[in-house]
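Worksheet: the structure to be examined is printed underneath.
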Amino acid sequence: MMKVLICDATAQSALDMIAEAGIEVVNKPAITPEELLEEIAEYDAMVVRSRTKVRKPVIDAATKLKAIVRGGVGLDNIDVKYAGSKGIQVLNTPTASTAAVAELAIGYIFALARNIPQMTISMEEGEWAKKSFSGTEIAGKTLGLIGAGRIACSVGQKANALGMAVVAYDPYVESAEGIKIVALEELLTLADYISLHVPYNEGTHNILNADTFAEMKDGVYVINCGRGGTIDEDALFDSLKSGKVAGAALDVYTEEPSMGHKLYTLEQVIGSPHIGAGTVEAKARVGTEVAKNVINVLKG
């Protein structure tokens, strides 16, 4: 019987679906890198999320592996090219988490505009600081999207419905409904809110840095529900301290897990522990797509 190793938390319904197809499921969502190296030779497929890294040593040890299935969008934790050279298919679930991530980004726009987390903390501390929190409206503001893929376009559509103008920078996209495609330099000067939705690679490494922060409007807000490593976090810290950036909302970080990050010493920073796709609905959709991918590869 063919075997699949589940390396990260995956919906039980997906595991049941794979098992019902006659594939043995070994569920080890907390497997360590050392254990993975020791065990991977036994398996025909593996399922990962963002936690597990699949680099050359793992691929070399995976002598039976036919498929690496990533539950989610990004593939930066997998050496895709090297896996392909070994005849291993790499598949992901690019549409399953679109709504969840887009809604989180929109939620962060509201939270930044109205200081919702800060007001909550103030109330919990027994304060009634009604005059201390003056928010802004998002209608009439400009949202700049760095990236114009599925998730970014979903964010843009929702922002349009809220009365925002939307521009986007993406060297691979010529047009998008309701979104004006512009050069990065133009986006930086136009946007009141900047939201990142790009994969992490050489071209996007620290795409927001000290130089690009300097080109932005004073009082801009920055949101990253895309990938860590696309913002120079030291430069963001400095820009927040100076007031150039009025606030930031982060779901992803250069190093994860990210505990005790200095950005969270600033009250104008809010965030979450990489939970963009962490809705009940998205997890179910991701699980279903993961199961289908595993079954299709191993059962033809």
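Let me know the longest stretch in the chain that avoids all GluC sites (Glu not before Pro) found in a DSSP loop with at most 15 other C-beta atoms within 10 Å. Can you show the working numbers first?
Values: sites that count: GLU125, GLU127, GLU137, GLU174, GLU177, GLU202, GLU255, GLU267.
In short, 1-124.
Dividing the Cα convex hull volume of the stretch 155-233 by residue count, how many Å³ per residue is that?
Values: hull volume 7.4 nm³, N = 79.
Taking only Cα atoms, the stretch 155-233 has a hull volume of 94 Å³ per residue.
Given N residues in the chain, what is Rg(Cα) / (2.2 N^0.38 Å)? The partial results should precede the final answer.
Numbers: Rg = 20.9 Å, N = 300, 2.2 N^0.38 = 19.2 Å.
Normalised Rg, Cα atoms only: 1.09.
Go ahead and run the numbers for FRET between LYS28 and GLU174, Cβ-Cβ distance against an R0 of 45 Å, rounding to 0.05. Don't skip to the answer; put the middle values down first.
On the way: r = 44 Å, r/R0 = 0.98.
Plugging the Cβ-Cβ distance into 1/(1 + (r/R0)^6) gives 0.55.
So if R0 is 41 Å, what FRET efficiency would ASP16 and ALA161 give, r being the distance between their Cβ atoms, rounded to the nearest 0.05? Write out the running numbers ahead of the final one.
Numbers: r = 38 Å, r/R0 = 0.92.
That pair, ASP16 with ALA161, gives E of 0.65.
Counting other Cβ atoms within 10 Å of each Cβ, which trypsin sites (Lys or Arg not before Pro) in the stretch 212-242 have at most 10 and sit in a DSSP loop? Working shown, then result.
Numbers: sites: LYS217, ARG227, LYS241; in loops: LYS217, ARG227.
Counting only loop positions with at most 10 other Cβ atoms within 10 Å, none of the trypsin sites (Lys or Arg not before Pro) in the stretch 212-242 qualifies.
Over all directions, average the projected area of the Cα convex hull of the stretch 98-271 and note it in nm².
Working: hull surface 39.8 nm².
Value for the stretch 98-271: 10.0 nm².
Return the FRET efficiency for the residue pair GLU125, ASP238: r is the Cβ-Cβ distance, R0 is 30 Å, and the value is rounded to the nearest 0.05. Intermediate values should be presented prior to the final figure.
Values: r = 28 Å, r/R0 = 0.94.
Result of the calculation: an efficiency of 0.60.
Between 0 and 90 degrees, rounded to the nearest ten: what's the tilt of helix 280-299 against the longest Cα principal axis of the chain?
Value to nearest ten degrees: 30.
Given charges of +1 on the Cβ of Lys and Arg and -1 on the Cβ of Asp and Glu, with all other atoms neutral, how large is the dipole of the stretch 98-271 about its Cα centre, in debye to the nearest 20?
Numbers: 12 positive and 23 negative charges, 112 e Å.
Around 540 debye, computed over the stretch 98-271.
Please label the shape of the stretch 192-300 as rounded, prolate or oblate, based on the square roots a ≥ b ≥ c of the eigenvalues of the alpha-carbon gyration tensor (a/c under 1.5 means rounded; beyond that, a/b larger than b/c means prolate, else oblate). Spell out each step's value before the answer.
Details: a/c = 2.71, a/b = 2.17, b/c = 1.25.
Here the stretch 192-300 falls in the prolate category.
Who wins for biggest fluctuation among MET259, MET216, MET119 in a Gaussian network model of the chain, springs between alpha carbons below 10 Å?
Top of the fluctuation ranking is MET259.
I need the semi-axes of the equivalent ellipsoid of the stretch 1-158: take the C-alpha gyration tensor, multiply each eigenvalue by 5, square-root it, list largest first in whole angstrom.
42, 19, 15
If you take every DSSP beta bridge fully contained in the stretch 98-271, what fraction is antiparallel? Give it as a percent rounded to 5.
5
Which log10 I(q)/I(0) values, to two decimals, does the stretch 43-135 give at q = 0.14, 0.21, 0.25 Å⁻¹ under the Debye formula with one point per Cα?
-0.63, -0.95, -1.17
Relative contact order, percent, of the stretch 98-271 when contacts are C-alpha pairs under 8 Å separated by at least 6 residues?
Numbers: 317 pairs, mean separation 32.1, N = 174.
Taking the mean separation of contacting Cα pairs over the length of the stretch 98-271, I get 18 percent.
Hand me the chymotrypsin sites (Phe, Trp or Tyr not before Pro) from the stretch 69-171 located in a DSSP loop with no more than 11 other Cβ atoms within 10 Å, in residue order please.
Values: sites: TYR82, TYR108, PHE110, TRP128, PHE133, TYR169; in loops: TRP128, PHE133.
Those that pass, being in a loop and sparsely packed, are TRP128.
Any chance you could check the Cα centroid distance between the stretch 163-181 and the stretch 208-256 for me, in angstrom?
Spelled out, the Cα-based centre of one part sits 21 Å from the other.
Which net charge results for the neighbourhood of LYS180, defined as the other residues with beta-carbon distances under 13 angstrom from its beta-carbon, given Lys and Arg at +1 and Asp and Glu at -1?
On the way: positive: none; negative: ASP170, GLU174, GLU177, GLU186.
That sum, taken over residues with Cβ under 13 Å, equals -4.
Residue separation times 0.36 nm, minus the C-alpha to C-alpha distance between GLU281 and TYR264: what's the value?
Working: separation 17, 0.36 × 17 = 6.12 nm, distance 2.93 nm.
Full-extension gain reported as 3.2 nm.
Enumerate the lysines that LYS64 could reach by cross-link, defined here as Cα to Cα under 25 Å, with residues fewer than 8 away along the same chain left out.
Straight-distance partners of LYS64: LYS3, LYS28, LYS53, LYS56, LYS81, LYS86, LYS292, LYS299.
With each pseudo-label sitting 7 Å past Cα toward Cβ, what's the ALA214-ASP60 distance in nm, one decimal?
4.4
Where a number appears in this text, it was derived from the coordinates with a stated rule and is not lab data. Predicted model only: the values in this text are computed from it and were never measured. No Cβ is skipped: glycine too gets one built from the backbone with ideal geometry, and neighbour counts run over all protein chains shown.
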